[in-house]
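Take a look at the structure set out below.
The values are calculated or read from the model by the stated rules, or taken from the named source; none is laboratory data. Just so it is clear, the model here is predicted, and its values are computed rather than measured. No Cβ is skipped: glycine too gets one built from the backbone with ideal geometry, and neighbour counts run over all protein chains shown. Just so you know, the surface numbers come from the protein's heavy atoms only, side chains and all, with ligands and any DNA or RNA stripped out. Shrake-Rupley method; radii C 1.70, N 1.55, O 1.52, S 1.80 Å.
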Amino acid sequence: MKGNESSMKYLFEPRGVAVIGASQTPGKIGYKVVENIVVGGFGDKIYPINPRGGELLGLPVYGRMADIDGPVDVAVVVVPADRAYGALEECASKDVKFAIVITSGFSEVGNVAEERRIARFAREHDIRIIGPNVFGVYSSASSLNATFGPSDIRSGNVAIITQSGAIGIAMIGKTKVEGIGLSAMISVGNKCDVDETDLLEYLAFQDDSKVVLMYLEGVKSGERLVEVLKKTTRKKPVVVIKSGRSSRGAQAAASHTGSLAGEDKVFDDIARQCGVIRAESIQEALNWCKFLSDAAMPRGEDCVIITNGGGIGVLTADACEKYGVNLSDEIADLKKTFEDVMPSFGSAKNPIDLTGGASPEDYDKALVAALHNDNIDSVACLGCQTGSFDAERFTQIAEERYAQYRPVKPIVFSLFGGEEVERSIVELKAKGIPVFPDVYEMTSFLGALYRDYRNKSSVQAEPAKADIDVAAISAAIACARADGRHFLLAREAQEVMRAAGIPIPMSRIAHSPDEAVRFAEEIGYPVVMKVISKDIIHKSDAGGVALDLVNTK
Ligand code: ACO
């Protein structure tokens with residue numbers, strides 16, 4: 001077991017948990033946290049701390065940490081910000097390994113100095129801090145609900161790391177409604193010490209967590225996160241919701257958690273390279289998480305759509321292109337597979353159109369045929385409510401065939417229609433069968449499954465390191481620094497690009513219009529002209545860039 005892995009284990013499976021600021025007053029956070037830990041079933045190694053002493057929910061209240069017998073690995077801190085430092089001193093007196101500092105009033109409101117002070121103290125005493133400004137931690141491995149969120153958390157195999165407290169607390173309830181079970185839920189808040197990378201590194205190897213979902217606004221240790229993401233996504237799917245995509249969203253993130261959202265395109269590209277499955281919305285992420293942990297893995301790229309409606313088949317084909325799902329085009333093979341199943345006027349081109357008269361039995365035959373064809377790697381089965389579409393019978397068939405498909409290849413369903421169809425969706429979903437009311441939702445999930453498949457199956461060779469002339473890059477930067485600049489001039493930037501092996505267009509520095517024309521003719525039209533000046537960094541804003549210049553003579 002690696003260092004981080006073995007030490008993080010104490011956060012998720014502590015031998016004892018103290019609550020500093022435990023209160024007798026229902027409604028106070030210090031009461032709710034103790035109540036959640038008790039009700040959650042953690043056991044009896046719970047130590048409420050409050051100088052008033054007494055008893056709380058049947059537990060003795062300790063005046064000081066030093067009075068506790070036995071180890072305390074985690075302390076939840078729920079005293080006001082000006083008392084948090086003292087609470088950490090208490091933690092140090094008992095060799096506490098993790099302090100979950102729920103308290104707000106630190107860097108998120110500009111109190112950076114106090115946050116640094118507690119972080120420094122914790123570092124000096126080997127205490128890891130979660131937070132401050134968090135709602136707590138849940139771990140199914142020890143039935144520990146050290147949060148002030150809902151008491152009733154459904155356990156399962158999705159781990160959630162969230163930078164937003166409110167989203168995290170609401171997700172506890174929402175995941176329950178969606179039938180998603182949690183292996184862990186960690187609120188990272190201001191991340192003065194433990195961050196998403198530390199947690200992901202642990203969760204990557206934790207068997208209970210089959211899928212990791214992260215809500216991020218900004219990232220502090222970018223390079224480390226990239227490394228850990230690359231390793232984790234080869235083992236299990238990592239779904240990320242990263243807000244601050246737009247400029248207004250990025251501004252909102254800066255005032256919410258003080259995060260720098262950064263250029264979204266950069267995050268998006270890095271996320272893709274790391275194998276992250278990035279969701280657009282919370283609902284999309286939850287749709288994926290619900291089924292990703294349990295779905296069969298495809299063995300190849302070829303998907304077949306089976307439908308009773310041409311239009312809905314076409315919509316799904318569009319969605320497949322959008323979400324990177326490859327539709328099988330082996331026409332001869334498809335024709336042979338489905339020829340006994342379809343009417344003569346149906347289509348054996350992908351999407352396989354059983355036509356509007358298809359009965360549940362026709363679907364059944366088509367599903368069995370697709371199941372037994374090894375060239376078909378996954379199946380998307382669509383049902384539009386028609387006169388011959390018996391939703392109840394279809395539900396039975398879907399359930400039966402799903403059980404057969406499950407060990408062999410993925411199958412997903414999308415049903416569209418009235419009340420009976422909606423009932424079928426609820427029924428199938430409750431049984432863990434991937435069924436969606438909309439073909440785009442269905443295909444988005446299938447796309448996520450394929451991303452996971454590609455992450456796990458592709459040979460993840462590290463790209464060959466480019467021949468980079470680090471000395472030349474350092475020299476260009478040193479030159480700018482010596483000149484008192486925090487930016488590179490165009491010429492220096494070109495030197496850096498060349499030294500990094502990045503191809504750049506041919507260029508010359510002209511000092512007069514005649515010289516510019518001569519250089520343009522040497523290079524060849526069309527050309528671009530840019531102003532070069534130490535005083536003009538944003539050239540376009542100053543009207544200093546002219547594109548597509550041609551010789552009109
Ligand atoms: N050791 C032990 N107990 C102490 C100590 C100490 N050193 N000092 C005070 N206490 C006791 C208090 O006496 C009190 O107990 P009592 O009810 O018996 O009197 C208890 O600790 C709590 O102290 P209070 O002063 O009553 O503080 P209160 O409960 O009002 O607030 C809190 C504390 C909840 C930490 C508050 O300061 C805070 O930060 N609230 C915001 C929390 C939050 O939202 N976090 C982010 C979540 S994420 C999201 O956005 C949803």
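I'd like to verify a number: residues in the range 9-31 that are within 8 Å of the ligand (Cβ to nearest atom) and either in the same structural domain as I160 (by TED's automatic domain parsing) or without any contact (Cβ under 8 Å) to a residue 60 or more places away in the chain (or both), how many? Final tally of qualifying residues: 7.
Among the residues of the range 351-394, those identified as of a type in the set (A, V, I, L, M, F, W, C), in a strand (DSSP E or B) and open to solvent by less than 10 Å² (accessible area, probe 1.4 Å) are I352, V379, A380, C381, L382. As a summary of the residue check, V96 satisfies the conditions (1) of a type in the set (V, I, T); (2) more than 8 Å from the ligand (Cβ to nearest atom); (3) open to solvent by 50 Å² or more (accessible area, probe 1.4 Å) except for the one numbered (3).
Candidates F487, F416: the one that is open to solvent by 80 Å² or more (accessible area, probe 1.4 Å), among the aromatic types (F, W, Y) and in contact (Cβ under 8 Å) with a residue 12 or more places away in the chain is F416.
Per-residue answers, yes or no, for (1) farther than 16 Å from L327 by Cβ; (2) more than 33 Å from the chain's Cα centre (by Cα):
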| residue | (1), (2) |
| --- | --- |
| K349 | no, yes |
| E392 | yes, yes |
| Q396 | yes, yes |
| Q404 | yes, no |
| L428 | yes, no |
| G432 | yes, no |
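Taking the range 241-336 and the helices (runs of 4 or more DSSP H) fully enclosed by it, the elements with 1 or more residues that are at pLDDT 90 or above and either at positive phi or in contact with a helix residue (DSSP H, G or I) (Cβ under 6 Å, 6 or more places away or on another chain) (or both) are at 282-292, 310-323.
May I ask you to list the residues in the range 303-338 that are among the basic types (K, R) and touching a residue at least 12 places away in the same chain (Cβ under 8 Å)? Once the filter is applied, which keeps residues that are among the basic types (K, R) and touching a residue at least 12 places away in the same chain (Cβ under 8 Å), the range 303-338 yields K322, K335. Looking for something away from the ligand (no atom under 12 Å from the Cβ) and under 23 Å from V77 (Cβ atoms) - is there at least one such residue anywhere in the range 166-179? No: zero hits. With the condition kept exactly as written, say whether any residue in the range 433-450 is open to solvent by 10 Å² or more (accessible area, probe 1.4 Å) and small (G, A, S). No, the range 433-450 contains no residue that is open to solvent by 10 Å² or more (accessible area, probe 1.4 Å) and small (G, A, S). The lone criterion from (1) closer than 21 Å to R299 by Cα; (2) touching a residue at least 40 places away in the same chain (Cβ under 8 Å); (3) surrounded by fewer than 22 Cβ atoms within 10 Å (Cβ to Cβ) left unmet by K429 is number (1).
Within the range 32-80, restricting attention to residues that are within 12 Å of the ligand (Cβ to nearest atom) and among the β-branched types (V, I, T), the residue that is farthest from the chain's Cα centre (by Cα) is V61. List pairs: first in the range 126-143 and on the phi > 0 side of the Ramachandran plot, second more than 14 Å from the ligand (Cβ to nearest atom), Cβ under 6 Å, 6+ apart or cross-chain? Pairs found: S143/G40; S143/G41; S143/F42. Note on the range 91-111: residues that are over 8 Å from A75 (Cβ atoms) and either of a type in the set (A, V, I, L, M) or not assigned by TED's automatic domain parsing to the domain that holds I127 (or both) total 4.
Checking the structure you have, find out if any residue of the range 203-214 is under 16 Å from the mean Cα position of the chain (by Cα), over 18 Å from Q273 (Cβ atoms) and among the aromatic types (F, W, Y). Even if it seems obvious, please write down each step before you answer.
Taking the range 203-214 first, the residues under 16 Å from the mean Cα position of the chain (by Cα) are 203-204, 209-214.
Next cut, over 18 Å from Q273 (Cβ atoms) only: 203, 209-211, 213.
Narrowing further to those that are among the aromatic types (F, W, Y): none.
Within the range 203-214, none of the residues are under 16 Å from the mean Cα position of the chain (by Cα), over 18 Å from Q273 (Cβ atoms) and among the aromatic types (F, W, Y).
Of note, I186 does not satisfy the criterion of being open to solvent by less than 10 Å² (accessible area, probe 1.4 Å), assigned by TED's automatic domain parsing to the domain that holds R15 and modelled with pLDDT of 95 or more.
On the given criteria, is I172 open to solvent by 30 Å² or more (accessible area, probe 1.4 Å), outside any loop (DSSP other than H, G, I, E, B), of a type outside the set (K, R) and not assigned by TED's automatic domain parsing to the domain that holds L11? No; evaluated as a whole, the condition is false for this residue.
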